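Read through the structure below, which is laid out as C-alpha cells, and then see the notes.
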Amino acid sequence: MKLHLSNPGLQNLITAYDAAFVQVGERRLAGPSLVVCPDRMLEQWGVANVAALVAEDFEKLLALDPEIVLLGTGSRLRFPPPMLSRRLGDARIGLEVMDLGAACRTYNILASEGRRVAAALILAD
C-alpha cells in the first residue's frame, strides 16, 4: 500500500509498505524486521518473527527512549508473551501491538504529531 503523507519537518515517515518491505522516504527496506523512529532507524532489528522475540529485543527499543512503541507483527495480529515487554512497562513506555499496516499508518500519525514513537516492524509471518 502506498501512503501519501508528507511532512518536511520529520526525517522518517513511512511512504509505502507491503508484506515484503517497508519504504521510509525513498528507501525501500526488506526485513525481516526494522525499527523506525522520527529521527533514526534500526534497519536490522534482528527479529525473524514474533515467536523469535526475546527480552533483549525490547531492551534495544528501550534504548531509543520512545514514549510509545508500536509493534507491527506482520500480516496478522500476534501478541508476544507479556513478560518479554515488561521492561517497557516498568519504564512507563506504552506498547501497542497491531498488524504491519496498522502499525505503519499509526506511526505516521504519531510522528506527525511530534510524538517520540518507535515502530518495531516485523515483516515475516
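Every number here is computed from the coordinates shown, using simple stated rules; none is lab data. Remember, predicted model here, so these are calculated numbers, not experimental data. Here the Cβ is made from the backbone with ideal geometry for all residues, glycine too, and neighbour counts use every protein chain on show.
Sequence gap at least 6, Cα distance under 8 Å: using those rules, report the relative contact order of segment 60-125 to the nearest whole percent.
Over segment 60-125, the number comes to 50 percent.
Here's how it looks for Ser33: its modeled amide H is under 5 Å from those of Trp45, Gly46, Val47, Leu123, which are all 5 or more places away or on a different chain. For segment 14-122, the percent of C-alpha pairs falling in each 10 Å distance bin, counted from 0 to the bin holding the largest distance, reads 15, 55, 28, 2.
Which one of Gly31, Ala91, Ile109 has its Cα pushed farthest toward the positive end of the charge dipole of the chain, where Lys and Arg give +1 and Asp and Glu give -1 at the Cβ? Farthest towards the positive end: Ile109. Net charge of the neighbourhood of Asn12, taken over other residues with C-beta under 10 Å away and scored Lys/Arg +1, Asp/Glu -1, is +1.
Taking Lys and Arg as +1 and Asp and Glu as -1, the other residues whose beta-carbon sits under 9 Å from that of Pro38 total +2.
Treating only the Cβ atoms of Lys and Arg (+1) and Asp and Glu (-1) as charged, compute the dipole magnitude of segment 14-122 about its Cα centre; round to the nearest 20 debye.
For this selection, approximately 120 debye.
If you take all other residues with their beta carbon under 15 Å from the beta carbon of Ser75, and give Lys and Arg +1 and Asp and Glu -1, the sum is 0. For the chain, modelled as a GNM whose springs connect Cα atoms under 10 angstrom apart, the maximal fluctuation among Ala16, Ala48, Ala91 occurs at Ala91. Reported to the nearest whole Å, the Cα centre-to-centre distance from segment 13-76 to segment 87-108 is 10. Taking 0.36 nm per residue of separation and subtracting the current Cα-Cα distance, fully stretching the chain between Ala19 and Ala52 would add 10.1 nm. DSSP beta bridges fully contained in the chain are about 60 percent antiparallel. Considering only alpha-carbon pairs that sit under 8 angstrom and 6 or more positions apart, the relative contact order computed for segment 14-122 is 32 percent.
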